[in-house]
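The values are calculated or read from the model by the stated rules, or taken from the named source; none is laboratory data. On a predicted model such as this, the values are computed, not experimentally measured, just so you know. Reconstructed Cβ throughout: ideal geometry from the backbone, glycine too, with neighbour counts over all protein chains shown. Only protein heavy atoms, including side chains, enter the accessible area calculation; ligands, DNA and RNA are left aside. Shrake-Rupley method; radii C 1.70, N 1.55, O 1.52, S 1.80 Å.
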Amino acid sequence: MTVTDILLAQQLEQTEALSNKAFVIARAHLDPTIGATWMTAADAHALYDGVGSPLTQVFGLGLRDVPTEADLTRIESFFDTHGADTTIELCPLAAPALMQWLPARCYVPVELTSVLHRSLDTFSDGVTERAPQVRQITPDERAEWADRSAEGWATDPEFAAMIRQLAWVNAHSAGMYCFVAEIDGRIIATGGLAIHDHVALLAGAS
């Protein structure tokens, strides 16, 4: 079993933060009416992608710099200005002081998310004769990639519509590489890849 240390946690959080920041920048370009924007405080990224968006939250808080009460106030003011709740994705290895400060400011945990990681040193592709062909999409396939991504969630039409919007923006995000898996020329799966500081973030699988 691999034990996650603070350096690896910092890399994983930073990769997700930078990938999501690129998403917010793309959103601001594609749809300025949403007012998507971002800020940093204590080396954490506070992202706004519209009220209710899963990207409207804070990433990396307390992993590199210990935030102050003033930093938390700045972050909260940022979201208040945009009419959104302050949601913080907090790593268990973050600064211990946050475990006291956040409850005192009326924050409560709402979910637990696990991130799986592996070193490529032990990677085995396990290719079979019937393995799908995987390729990167071309710019003119962005709409189709978003449609196919949403189809994986078709049992929930409302959620599928949200996934399509997220996939459409992701397809335009800097540093995001979009892929499809095909069998006999038919798309059977989609996925995305972002790389920051030698860490590859796999996302958008459908």
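Would you please name the residue that is most open to solvent (accessible area, probe 1.4 Å), looking only at residues in segment 69-91 that are in a loop (DSSP other than H, G, I, E, B) and among the β-branched types (Val, Ile, Thr)?
In this case the residue turns out to be Thr87.
Select from segment 148-169 the residues that are in a helix (DSSP H, G or I), surrounded by 14 or more Cβ atoms within 10 Å (Cβ to Cβ) and in contact with a Phe, Trp or Tyr (Cβ under 7 Å, 6 or more places away or on another chain) and list them in ascending order.
Ala160, Ile163, Ala167, Val169
Within segment 140-147, is even one residue exposed (fewer than 12 other Cβ atoms within 10 Å of the Cβ) and out of contact with any strand residue (DSSP E or B) (no Cβ under 7 Å at 6 or more places or on another chain)?
Yes: segment 140-147 contains one or more residues that are exposed (fewer than 12 other Cβ atoms within 10 Å of the Cβ) and out of contact with any strand residue (DSSP E or B) (no Cβ under 7 Å at 6 or more places or on another chain).
Being part of a strand (DSSP E or B) and surrounded by 13 or more Cβ atoms within 10 Å (Cβ to Cβ) is true for just one of Tyr177, Tyr107. Which residue is that?
Residue meeting the stated conditions: Tyr177.
What tally of residues in segment 1-44 results from selecting those that are under 16 Å from the mean Cα position of the chain (by Cα), open to solvent by less than 20 Å² (accessible area, probe 1.4 Å) and over 23 Å from Ser114 (Cβ atoms)?
4
Would you confirm whether any residue within segment 36-44 is within 26 Å of Tyr177 (Cα to Cα), in a helix (DSSP H, G or I), acidic (Asp, Glu) and at pLDDT 90 or above?
no
Under the condition of being assigned to a loop (DSSP other than H, G, I, E, B) and touching a residue at least 40 places away in the same chain (Cβ under 8 Å), which residue from segment 56-68 is nearest to Ala84 (Cα to Cα)?
Selected residue: Gly60.
Regarding His172, is this residue under 17 Å from Phe23 (Cα atoms) and either open to solvent by less than 40 Å² (accessible area, probe 1.4 Å) or not aromatic (Phe, Trp, Tyr) (or both)?
Against the criterion (under 17 Å from Phe23 (Cα atoms) and either open to solvent by less than 40 Å² (accessible area, probe 1.4 Å) or not aromatic (Phe, Trp, Tyr) (or both)), His172 qualifies.
On the basis of being out of contact with any strand residue (DSSP E or B) (no Cβ under 6 Å at 6 or more places or on another chain), open to solvent by 50 Å² or more (accessible area, probe 1.4 Å), within 23 Å of Lys21 (Cβ to Cβ) and in contact (Cβ under 8 Å) with a residue 40 or more places away in the chain, does His117 make the cut?
yes
May I ask you to list the residues in segment 180-194 that are open to solvent by 50 Å² or more (accessible area, probe 1.4 Å) and either of a type in the set (S, T, N, Q) or without any contact (Cβ under 8 Å) to a residue 40 or more places away in the chain (or both)?
Answer for segment 180-194, where residues must be open to solvent by 50 Å² or more (accessible area, probe 1.4 Å) and either of a type in the set (S, T, N, Q) or without any contact (Cβ under 8 Å) to a residue 40 or more places away in the chain (or both): Asp184, Gly185, Arg186.
Can you work out which of the residues in segment 1-35 that are of a type in the set (Ser, Thr, Tyr) and farther than 18 Å from Ala171 by Cβ is modelled with the lowest pLDDT?
Filtering segment 1-35 for residues that are of a type in the set (Ser, Thr, Tyr) and farther than 18 Å from Ala171 by Cβ, the one modelled with the lowest pLDDT comes out as Thr2.
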